[in-house]
1. Kindly indicate whether residue 87 is assigned to a helix (DSSP H, G or I), within 19 Å of residue 123 (Cα to Cα) and modelled with pLDDT of 80 or more.
2. Determine, yes or no, whether residue 317 is without any contact (Cβ under 8 Å) to a residue 60 or more places away in the chain and more than 30 Å from residue 239 (Cα to Cα).
3. Name every residue in the stretch 283-305 that is assigned to a helix (DSSP H, G or I), in contact with a helix residue (DSSP H, G or I) (Cβ under 6 Å, 6 or more places away or on another chain) and surrounded by 13 or more Cβ atoms within 10 Å (Cβ to Cβ), in order of residue number.
4. Say whether the condition of being within 28 Å of residue 231 (Cβ to Cβ), free of Cβ contacts under 8 Å to residues at least 12 places away in the same chain, touching a helix residue (DSSP H, G or I) at 6+ places or on another chain (Cβ under 6 Å) and in a loop (DSSP other than H, G, I, E, B) is met by at least one residue in the stretch 330-349.
5. Go through the stretch 351-366 and give me each residue that's in contact with a helix residue (DSSP H, G or I) (Cβ under 7 Å, 6 or more places away or on another chain) and surrounded by fewer than 18 Cβ atoms within 10 Å (Cβ to Cβ).
6. Please tell me if residue 278 is outside any helix (DSSP H, G or I), in contact (Cβ under 8 Å) with a residue 24 or more places away in the chain and at negative phi.
7. Please enumerate the residues belonging to the stretch 90-115 that are in a loop (DSSP other than H, G, I, E, B) and within 16 Å of residue 146 (Cα to Cα).
8. Based on what the data block shows, is residue 274 under 21 Å from residue 347 (Cα atoms), touching a helix residue (DSSP H, G or I) at 6+ places or on another chain (Cβ under 9 Å) and loosely packed, with under 14 Cβ neighbours inside 10 Å?
């Protein structure tokens, strides 16, 4: 009896081993079969996909090369266009009265970009008219300004508004007394509330001339007060504005009018990358309904900053969209306002709150 039980137990053990072996064998056969099936069916597809991927990568490389070449070609064409524009401006020199403001040579050239409102393009245009020095600009009469506006196809009223003549007079006056002026400004640092606007070092300096209304000369004077960054200007209060205006001997009301604080806050938000913002705006021009607003050109531009609540920074962005005149703004619909608010990335409701449309209608009538 005991022997029979032992045999039964052994038989069950052997059967279990055999079953496990068969299952394992079946699993191996199934795995090998599946692998062979996968290899026969999908390997070709994977190879095709890899081949497509390789071709796409080559296409991307080729496209990048084409983009580089197109950018080079575009830059070359832009230089050619700039050359044509400058030559066109040179041909208008005979319209200017050099007896009024004097002549100068390129060897006497001042850095005209020190004047707020004169950037690299305006400087090149003025140089094309043989206007090289602060002394010449300081002697401009109203007639000279009108003639120069026409010659360089510049915004009507901008030279007066940006006070080129007054700034040039100051630069001429302090040409030999700059150290004395800077010493005087530096001594006024004790009047600045650095605990409110923040402390910055020269090594942290932002390019403050990115702010519309700040030229090289104003930037130098602000630096004398240890004001170097957008963040500091964005923290200005009304009291700080008054203190800084007095300290740098600047035109009262200009900081508010040119919206330094608003611009600085925006530049802090976009990490100082103004060119990227302007590119975004330019790329969105197609969203504006010019069939409704009408088309205007740069030489027809109105001084849009006459609209209360619309400063230099917003005007600059509107101009990028091809909006130059009171008449265009007077035709804005609710839909246009929503689009422009989004495209310019300005505070929602600002256009309605400041009643741009109503103000533009009145200004257009005049």
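The values are calculated or read from the model by the stated rules, or taken from the named source; none is laboratory data. Predicted, not measured: the structure shown is a model, and the values here were computed from it. We place every Cβ from the backbone using ideal geometry, glycine too, and count neighbours over all the protein chains shown.
1. Here the answer is yes, as residue 87 does meet what is asked.
2. no
3. Residues satisfying the conditions are 293, 304, 305.
4. Checked the stretch 330-349: at least one residue is within 28 Å of residue 231 (Cβ to Cβ), free of Cβ contacts under 8 Å to residues at least 12 places away in the same chain, touching a helix residue (DSSP H, G or I) at 6+ places or on another chain (Cβ under 6 Å) and in a loop (DSSP other than H, G, I, E, B).
5. Matches in the stretch 351-366: 352, 361, 364.
6. For residue 278, the condition - outside any helix (DSSP H, G or I), in contact (Cβ under 8 Å) with a residue 24 or more places away in the chain and at negative phi - is not met.
7. Within the stretch 90-115, 92, 96, 97 qualify.
8. On the way: under 21 Å from residue 347 (Cα atoms): yes; touching a helix residue (DSSP H, G or I) at 6+ places or on another chain (Cβ under 9 Å): yes; loosely packed, with under 14 Cβ neighbours inside 10 Å: no.
Considered against the rule, which asks whether it is under 21 Å from residue 347 (Cα atoms), touching a helix residue (DSSP H, G or I) at 6+ places or on another chain (Cβ under 9 Å) and loosely packed, with under 14 Cβ neighbours inside 10 Å, residue 274 comes out as no.
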